[in-house]
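The values are calculated or read from the model by the stated rules, or taken from the named source; none is laboratory data. This one's a predicted model, so the numbers in the text were calculated from it and none came from an experiment. Methodologically, a virtual Cβ is constructed for each residue, glycine included, from the backbone with ideal geometry; neighbour enumeration extends over all protein chains shown. Heads up: the accessible areas ignore ligands, DNA and RNA and are worked out on the full protein's heavy atoms, side chains in. Shrake-Rupley method; radii C 1.70, N 1.55, O 1.52, S 1.80 Å.
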Amino acid sequence: MDLNEPGNPPGDRDPSVRRGLWRHWGSPAAIYGTIVYASVVAAASGADDDQESAVRLLVFSLVSIVVFWLAHVYSTALGFQADEASVRGRVRDSIRHALSESGGMLEAAIVPSIPLLLAAIGALPPDFGVALALWLAVLMLAILGFSAFRRRGRSVLVCLVGAVVTGSFGIVVILLKSALQH
């Protein structure tokens with residue numbers, strides 16, 4: 001479900017700019033992808049606090065989100081029924097639809113990967129890189145929740161509640177990491 005489709009909220013001056021930059025921002029796939037990515041980072045990060053473990057964490061997290069994305073694309077394609085009469089056309093349309101619906105999962109990994117990358121190259125301490133990645137995921141979830149409600153023209157109060165609820169998923173991930181690793 002691409003929330004950047006027609007039906008722009010009042011005061012939305014140039015929707016083509018937003019669609020071109022982050023087409024899937026605020027989509028269910030972006031929210032789901034952020035939660036999955038934060039969960040993988042939290043679960044895969046451990047007591048090791050060296051550059052080599054930071055590299056392994058980054059690679060594992062990126063590979064994991066790609067695998068989840070491929071599974072999401074596959075399941076979305078299976079569930080999509082194209083109108084095309086030919087089998088080839090239906091498969092092509094199903095894959096095209098699935099790719100357009102699932103891009104937010106990959107986009108969701110970009111921001112939290114930055115501190116992991118910085119930790120992997122030694123610019124940040126690995127434990128700080130993990131903590132920063134997880135808190136950036138919380139911030140992203142809050143922004144995604146806020147923007148999803150805002151795109152529907154909801155009041156600021158409803159948008160703020162949406163931000164808190166969506167961001168709380170990331171906080172639960174951090175709490176689970178703390179509970180399981182301490």
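Need pairs with beta-carbon distance below 7 Å; first residue surrounded by 13 or more Cβ atoms within 10 Å (Cβ to Cβ) and within the range 170-182, second of a type in the set (S, T, Y) and modelled with pLDDT of 90 or more; sequence gap 6+ or separate chains.
V173/S39
What is the one condition in (1) among the small types (G, A, S); (2) in a helix (DSSP H, G or I); (3) at pLDDT 95 or above that A123 does not satisfy?
(2)
Name the residues in the range 138-151 that are without any contact (Cβ under 8 Å) to a residue 40 or more places away in the chain and open to solvent by 80 Å² or more (accessible area, probe 1.4 Å), would you?
L139
So if I check each of L78, L106, which one is free of Cβ contacts under 8 Å to residues at least 60 places away in the same chain, part of a helix (DSSP H, G or I) and open to solvent by 50 Å² or more (accessible area, probe 1.4 Å)?
L78
Which residue pairs have Cβ atoms closer than 8 Å, lie 6 or more positions apart in sequence or on different chains, and pair a first residue in the range 125-137 that is closer than 17 Å to D50 by Cβ with a second residue that is open to solvent by 60 Å² or more (accessible area, probe 1.4 Å)?
P125/D49; P126/D48; P126/D49; P126/D50; P126/Q51; D127/D49; G129/L118; A133/I114
Do you know which residues across the range 152-165 are modelled with pLDDT under 95 and buried (at least 21 other Cβ atoms within 10 Å of the Cβ)?
none
Name the residue, out of P125, P115, that is open to solvent by 40 Å² or more (accessible area, probe 1.4 Å) and closer than 19 Å to L57 by Cβ.
Testing whether each residue is open to solvent by 40 Å² or more (accessible area, probe 1.4 Å) and closer than 19 Å to L57 by Cβ leaves just P125.
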